[in-house]
1. Counting alpha carbon pairs within less than 8 Å and at least 6 residues apart, what relative contact order, in whole percent, applies to region 199-320?
2. Relative to the longest principal axis of the chain, what angle (0 to 90°, nearest 10) does the C-alpha long axis of helix 258-268 take?
3. Quick check: pseudo-label points 7 Å beyond the Cα along Cα→Cβ at residue 58 and residue 300, how many nm apart are they?
4. Could you give the alpha-carbon Rg of the chain over 2.2 N^0.38 Å, rounded to two decimals?
5. In nanometres, what is the gap between the two model label sites at residue 115 and residue 22, each 7 Å from Cα along Cα-to-Cβ?
6. Explain nothing, just the number: relative contact order of the chain, from Cα pairs under 8 Å at least 6 residues apart, as a whole percent.
7. In whole angstrom, how long is each semi-axis of the equivalent ellipsoid of region 262-318, when you take the square root of 5 times every eigenvalue of its Cα gyration tensor and sort them from largest down?
8. Using alpha carbon centroids, what distance separates region 82-121 and region 274-296, in Å?
């Protein structure tokens, strides 16, 4: 089984080290100083309560060096994927599975959904249908990514928490390809359940990303603050209730209520969301996949989203003002 991780930053690098340690045939696509460090000295993983481990890896910035794969696991920011679909083609053979480990509403959301919205395309996450046409939705296997990690320096990944990568077919089946990848990830010491209702998990994670990320970027507040301050908590709650109405129209079942989800965010502590980190570091902000996509789904389902619309307009302007969006 040949596995390529496209986007071997924090999460992709963490998965790559784990797979390499387990003896998997894994390769990584990365770039810049991070790639140079990996090729020079291997990829290092630092985990709490464990000694750092360094493994040699096959890594390149040119997919043509790596050839067709059985699985291509995409761990890039959502807005980074559509422009590079042509570059990824050398990795794709007749039986390649594209594993979408990207935050937000996935581009394949309405593939095999089993409703009248079957085949609906989402411009906010797949402009010009780049992924739908370039990969083909039949290739896709969904993935909800839970670990937190960071690139502490080029060639070094620091794992913070979590080791679960939930997998799921768009039609909810337990396919051979999903089971085979689950077994490979499990052998690497990761949790990789195959879920019949992956869209439910997508929404529970998106609930927090939709609200906490833009509010933090606008206020520079950490999770413990924005989830407990009465004003920002009310804004997050309003966004989440609008999202819940959309999701339930699409058949999603939420295992917890809004207030428990916000309390869970507060319990994380003084954490800076990924959007706030991107703003501070001068990196492009992941606004469309996390917020714009939910607004678009509101239009698709005929659901008013006044709170989401307001926060989205504000964070888009914040991103444009910083030169990090648009």
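1. 37 percent
2. Once rounded, one gets 50 degrees.
3. Result: 3.6 nm between the two label points.
4. For the chain, the normalised Cα radius of gyration is 0.96.
5. With each label placed 7 Å out from Cα toward Cβ, I get 3.4 nm.
6. 15 percent
7. Ellipsoid half-lengths, sorted descending, are 23, 16, 9 Å.
8. Answer, in whole Å: 20.
Each reported figure results from applying straightforward, stated rules to the coordinates on display, with no laboratory input. Because the structure is predicted, anything quoted here is derived from the model rather than measured. Because the Cβ atoms are built from the backbone with ideal geometry, glycine has one as well, and the counts that use them run over all protein chains shown.
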